[in-house]
Amino acid sequence: MSALVVVGAQWGDEGKGKVVDLYAPYADLVVRYAGGANAGHTLVVGGKKQILHLIPSGILHEQTRCIVGQGTVIDPAVFLKEIETLNERGVGTKGRLLVSQRAHVVLPHHKLIDELREKKSGGAIGTTKRGIGPCYEDKIARRGVRIGDLLDVDRLRTKLDANLECWRPVAEDLGGTLPSADDIATRYAELGEALRAYIGDAGAVIRASIEADEKILLEGAQGTMLDIDNGTYPFVTSSNAVAGGACAGAGIGPTHIRSAIGIAKAYTTRVGGGPFPTELQDETGQKLRDAGAEYGSTTGRPRRCGWLDLVALRHAVAVNGLNELAITKLDVLSVVPKLEVCVAYELDGERIAYPPYERLEEVQPIYEALEGWNEDLTACRTRDDLPPAAQRYLARIEQEVGCRVGVVSVGPDRQDTADLRDPFS
Ligand code: IMP
């Protein structure tokens with residue numbers, strides 16, 4: 001049994017892409033299990049920058065096969081474009097990439113409704129406007145269009161008619177007009193044909209891979225605090241980003257998963273609205289944003305930045321059952337001379353160790369000051385190479401959240417990594 005889950009332990013953008021890229025050479029199969037084109041990971045392929053929203057970054061490693069599982073929502077035009085761009089840059093995808101026929105399709109009106117809702121005063125969550133919420137709404141309401149439906153024009157048309165009927169009053173209420181079923185059916189059937197070779201029974205392939213004792217990396221999207229059930233509802237995404245989501249999203253059981261690795265930045269960022277107790281709306285926050293290039297890879301929005309929130313991280317360790325943490329962007333903290341970490345919250349005069357239900361915007365963070373290191377970390381390859389203050393920073397995290405730190409990222413490049421080891425060993 002050698003499936004392991006890599007999950008975001010904060011509000012997304014923790015650097016999962018880099019960690020998956022580091023672990024992929026050890027894996028036979030990389031499976032993305034939730035979310036859609038709201039996620040984004042910037043890669044350098046063939047000397048050119050490329051952002052992958054749907055295809056796991058494992059695709060860059062020739063021996064690794066990639067699956068986009070049934071728990072995801074797919075914009076087929078984005079998926080096709082990613083395949084074409086990878087192919088143009090010499091990365092082969094045929095026979096190595098599969099999308100589940102059960103994954104739901106993001107339709108043009110999902111994006112329209114998402115955008116119109118965001119524009120409406122009082123209704124904004126700060127979504128990525130990629131149609132994610134409305135698509136998952138259709139899935140849960142049992143009226144969604146799935147990737148497999150794109151391969152059967154009659155079935156697609158029947159489903160689209162019923163689907164559009166449900167959204168018509170919503171769109172009109174928001175002042176929008178739905179596209180015609182004819183137009184969508186024609187375009188999406190074409191996209192289905194273009195993707196035919198990539199569509200299949202992904203769950204069966206993953207289960208066969210488990211039977212064959214292959215090494216499987218299950219890749220989450222977004223992060224624990226954006227999870228629909230475990231996050232800062234309603235300021236969340238619409239899927240189960242947590243490790244538990246990997247079972248339903250890939251089509252496997254919990255007993256197939258050996259371990260869960262949480263990815264956390266050495267500080268905290270968040271994009272979009274919602275509570276963020278350790279946010280720094282000052283010069284230090286701006287310093288972190290500049291040094292960490294904290295601008296969204298999907299929307300370009302500046303990310304909100306703040307101190308490391310160990311209360312949120314403790315929650316992530318608990319709800320994901322994490323065995324290990326990977327800490328990213330430790331090098332960014334070199335620009336800040338004196339550090340603080342949030343070890344608890346105060347609410348109603350009491351000290352609390354876990355995020356409270358529905359009252360996160362009311363808490364006061366309780367900070368502990370830690371010494372900075374003001375040194376370049378990019379050449380460090382083991383934890384022992386780090387300056388003593390950086391080692392103490394990591395040790396403090398482990399102590400507070402009860403989870404050991406494994407790999408540590410000390411720069412954007414692959415080689416800027418300390419303590420990398422085979423995660424399946
Ligand atoms: P949605 O997933 O586009 O519906 O957006 C819901 C919330 O999740 C918003 O606050 C987004 O900014 C946030 N979000 C969605 N995807 C990501 C991501 O990949 N990184 C960080 N935040 C995200």
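Brief remarks follow.
Yes/no per residue for (1) modelled with pLDDT of 95 or more; (2) within 21 Å of the chain's Cα centre (by Cα):
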{"site": "GLY90", "(1), (2)": "no, no"}
{"site": "ILE132", "(1), (2)": "yes, yes"}
{"site": "ASP161", "(1), (2)": "yes, no"}
{"site": "CYS166", "(1), (2)": "yes, no"}
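- Among the residues of segment 371-415, those that are of a type in the set (D, E, K, R), under 25 Å from the mean Cα position of the chain (by Cα) and either at pLDDT 95 or above or not assigned by TED's automatic domain parsing to the domain that holds ASN320 (or both) comprise GLU398, GLU400, ARG404.
- The numbered conditions (1) within 28 Å of VAL363 (Cα to Cα); (2) polar (S, T, N, Q); (3) assigned by TED's automatic domain parsing to the domain that holds ALA9 are all true for THR255 except (1).
- Scoring VAL78 on the criteria (1) surrounded by 23 or more Cβ atoms within 10 Å (Cβ to Cβ); (2) under 18 Å from LEU150 (Cα atoms); (3) within 16 Å of the ligand (Cβ to nearest atom) leaves a single failure, condition (1).
- Against the criterion of being more than 16 Å from the ligand (Cβ to nearest atom), closer than 26 Å to ALA316 by Cα and in a helix (DSSP H, G or I), ALA197 does not qualify.
- Scanning segment 142-169 for residues that are open to solvent by 50 Å² or more (accessible area, probe 1.4 Å) and either within 16 Å of the ligand (Cβ to nearest atom) or small (Gly, Ala, Ser) (or both) yields a total of 1.
- Here ALA316 does not fit the description of being hydrophobic (A, V, I, L, M, F, W, C), in the same structural domain as GLU283 (by TED's automatic domain parsing) and over 26 Å from LEU4 (Cβ atoms).
- The set of residues in segment 370-385 being in contact with an Asp or Glu (Cβ under 9 Å, 6 or more places away or on another chain) and in a loop (DSSP other than H, G, I, E, B) consists of ASP376, LEU377, THR378, ALA379, CYS380, ARG381, THR382.
- Qualifying positions in segment 203-249 - away from the ligand (no atom under 13 Å from the Cβ), under 15 Å from the mean Cα position of the chain (by Cα) and buried (at least 24 other Cβ atoms within 10 Å of the Cβ): LEU217, LEU218, VAL242, ALA243, GLY245, ALA246, GLY249
- Set THR269, THR299: member being under 18 Å from the mean Cα position of the chain (by Cα) and either more than 23 Å from ALA389 (Cβ to Cβ) or assigned to a loop (DSSP other than H, G, I, E, B) (or both): THR299
- Check on GLY296, open to solvent by less than 30 Å² (accessible area, probe 1.4 Å), within 20 Å of GLN222 (Cβ to Cβ) and within 10 Å of the ligand (Cβ to nearest atom): yes
The values are calculated or read from the model by the stated rules, or taken from the named source; none is laboratory data. Just so you know, these numbers come straight off a predicted model, no measurement behind them. Note that each Cβ is placed from the backbone with ideal geometry, even for glycine, and that neighbours are counted across all protein chains shown. To get the accessible areas, we keep the full protein, side chains included, count just its heavy atoms, and leave off ligands, DNA and RNA. Shrake-Rupley method; radii C 1.70, N 1.55, O 1.52, S 1.80 Å.
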